[in-house]
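Quick note: the coordinates plus some simple rules give every number you see, no bench work behind them. All of these numbers come straight from a predicted model, not from anything done at the bench. Cβ coordinates were reconstructed from backbone atoms using ideal geometry, including for glycine residues, and neighbour counts include every protein chain displayed.
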Amino acid sequence: MGVFEFLFFTALVLIGGGVSIPLYAMKRGYNQSDQKLEIRKMVEQRKLEQIKQDNYLLENKSMALELEQIKQERELREQKALESKENRRWLIEDKEEKEQV
């Protein structure tokens, strides 16, 4: 019985080793594909974040330009208002001076 047990256990170990190698390879390949997907996901997230930052900068530039334009328009309106008030004020003073004379 010793020889048969030895052959049986030897065959069992060889078959177990032969089956475990492909199972290990399949598991490793599966893990590698998961890692590749995670790497792709991280790359895509990085690209998306870069696009968001670029968009934010462009929006800030456009908002700064709009603000500058609004400031210029306000200054022009205030300047025109002051000029029109100055003209009216001088006209009023002229009338008052004419009445006093």
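Listing for the model above:
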{"read-out": "Efficiency of FRET from Cβ geometry, LEU37 and LEU58, R₀ 35 Å, rounded to 0.05", "value": "0.65"}
{"read-out": "Mean projected area (nm²) of the alpha-carbon convex hull when the stretch 26-74 is viewed from all directions", "value": "2.9"}
{"read-out": "LEU14 versus ILE70: modelled label distance in nm, points set 7 Å from Cα along the beta carbon direction", "value": "8.5"}
